[in-house]
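A.B. asks: Okay, here's the structure, questions in a sec.
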Amino acid sequence: MAAPSFIFSILLLLQLLFASLPHHRTLTSAADGSWQLLQKSIGISAMHMQLLRNDRVIMFDRTDFGPSNLPLPTGKCRNDPTDTALQVDCTAHSVEYDVFANKFRALTVQTDVWCSSGAIMPNGNLFQTGGFNDGERRVRVFSPCRTCDWNEIQNGLTAKRWYASNHILPDGRQIIVGGRGQFNYEFIPKNIVSNKINLPFLSETNDKGIENNLYPFVFLNVDGNLFIFANNRAILFDYVNNIVVKKYPMIPGGEPRSYPSTGSAVLLPLKNLKAAAIEAEVLVCGGAPKGSY
């Protein structure tokens with residue numbers, strides 16, 4: 001049986017915007033808007049940010065740039081002899097922001113989350129994985145509650161994950177794909193002893209000395225397989241049986257789109273749910289010409 005059609009398009013954002021809305025309505029709507037400064041500073045940089053089920057927003061930043069501008073509660077410090085900037089750090093590198101109350105509180109991450117990855121589990125817990133230096137094999141869990149803080153699992157990952165991508169699966173697990181120097185994937189929670197499985201597509205899309213296949217774009221297709229885009233091409237992947245179901249053609253022009261060329265991608269809303277064959281569409285935007293690195 002042929003695999004369900006999975007189309008991905010590269011469009012200019014402005015063309016999409018102005019093609020879908022009348023110009024006069026767009027300008028009128030924009031004129032009615034306004035900005036409001038809610039906080040002059042939260043003390044950290046929001047390198048990563050995630051909305052949780054309780055309408056709180058978790059933000060967190062790398063730990064190896066020295067102290068932040070937000071102190072941790074009295075007597076609480078991060079002790080990390082492997083940190084490259086500050087081994088004893090009594091400042092926060094993560095906050096929980098209460099949107100409705102417009103208040104935030106300091107949280108404690110113990111290891112470096114620089115360019116880590118993560119996803120929300122079915123129970124609403126945030127699982128954040130990997131990062132830099134001492135954080136590259138960590139699994140960090142944040143459970144939404146008024147007093148909760150980060151809980152870290154040492155060696156929770158089989159492989160070092162830096163610039164990897166996570167996706168929630170129908171069975172409740174997360175798949176973690178790639179990362180710097182990692183042409184493989186694994187699952188959390190682990191369910192097998194050998195939890196690192198090779199994915200040659202990631203080595204095939206790795207430009208020597210440049211990469212351009214980090215933070216691959218990963219989406220669950222309607223047939224249960226994964227659409228994985230890296231560099232300038234994509235595959236439809238059966239992660240259960242470790243089989244490439246389909247290889248898609250290189251994008252027009254062949255320019256790289258994933259990190260460090262740093263484009264972005266989104267799975268568009270499914271609009272044909274009553275059709276005999278449901279078709280999904282991925283929009284890929286941005287990127288950079290070859291050699292920009």
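The values are calculated or read from the model by the stated rules, or taken from the named source; none is laboratory data. What you see is a predicted model, and the numbers here were worked out from it, not measured in a lab. With ideal geometry, Cβ positions are generated from the backbone for all residues, glycine too; neighbour counts draw on all protein chains shown. For the accessible areas, the whole protein counts, side chains as well, though only heavy atoms, and no ligand, DNA or RNA atoms are used. Shrake-Rupley method; radii C 1.70, N 1.55, O 1.52, S 1.80 Å.
A.B. asks: Could you list, in their original order, any pairs among 40/76; 103/271; 247/274 whose Cα atoms are separated by more than 31 Å?
C.D. replies: Distance filter (> 31 Å) returns 103/271.
A.B. asks: Please arrange 153, 176 by accessible surface area, largest first, computed with a 1.4 Å probe and ligands excluded.
C.D. replies: Ranked list, largest accessible area first: 153, 176.
A.B. asks: For the residue pair residue 74 and residue 50, what label-to-label distance in nm results when each label sits 7 Å from Cα along the Cα-to-beta-carbon direction?
C.D. replies: 3.2
A.B. asks: So, one more: Counting alpha carbon pairs within less than 8 Å and at least 6 residues apart, what relative contact order, in whole percent, applies to the chain?
C.D. replies: 13
A.B. asks: Using only the C-alpha atoms of the chain, find the volume of their convex hull and express it per residue in Å³.
C.D. replies: Value for the chain: 176 Å³ per residue.
A.B. asks: Using the heavy atoms of the protein chains and a 1.4 angstrom probe, tell me the accessible area per residue for the chain in square angstrom. Show your work: numbers first, answer last.
C.D. replies: Numbers: 15580 Å² over 293 residues.
On a per-residue basis, 53 Å².
A.B. asks: Here is a further query. Which residues in region 165-184 have a backbone N closer than 17 Å to a point placed 7 Å from the Cα of residue 270 along the Cα-to-Cβ line?
C.D. replies: Of the residues in region 165-184, 168-172 have backbone N under 17 Å from the label point off residue 270.
A.B. asks: What value in Å³ per residue do you get for the convex hull of the alpha-carbon atoms in region 208-259?
C.D. replies: Dividing the Cα hull volume of region 208-259 by its residue count gives 89 Å³.
A.B. asks: With a 1.4 Å probe and all protein chains left in place, how much of the accessible area of the chain comes from carbon and sulfur atoms, in whole percent?
C.D. replies: 57
A.B. asks: If you don't mind, there's one more thing I want to ask. Given the C-alpha centroids of region 223-246 and region 132-160, what is the distance between them in whole angstrom?
C.D. replies: 27
A.B. asks: Please work out how much length the chain gains when fully extended from residue 57 to residue 250, using 0.36 nm per residue of separation minus the C-alpha to C-alpha distance, in nm with one decimal.
C.D. replies: Stretched out fully, the residue 57 to residue 250 stretch lengthens by 65.8 nm.
A.B. asks: Return the Rg/Rh value of region 157-292, two decimal places, where both radii are evaluated on C-alpha atoms and Rh is the Kirkwood radius. Please list the in-between numbers first.
C.D. replies: Details: Rg = 14.9 Å, Rh = 15.4 Å.
Radius of gyration relative to Kirkwood radius: 0.96.
A.B. asks: Normalised by the number of residues in region 30-69, what is the relative contact order in percent for Cα pairs under 8 Å and 6+ residues apart?
C.D. replies: Normalised by residue count, the contact order of region 30-69 is 34 percent.
A.B. asks: Per 0.36 nm of contour for each residue apart, how much would the distance between residue 39 and residue 210 grow if the chain were fully extended, relative to their Cα-Cα spacing?
C.D. replies: Separation in residues times 0.36 nm, less the Cα-Cα distance, equals 57.7 nm.
A.B. asks: Quick one: give the max-minus-min coordinate of the C-alpha atoms of region 38-166 along each principal axis, largest first, in Å.
C.D. replies: Principal axes ranked by extent give 39, 34, 23 Å for the Cα atoms.
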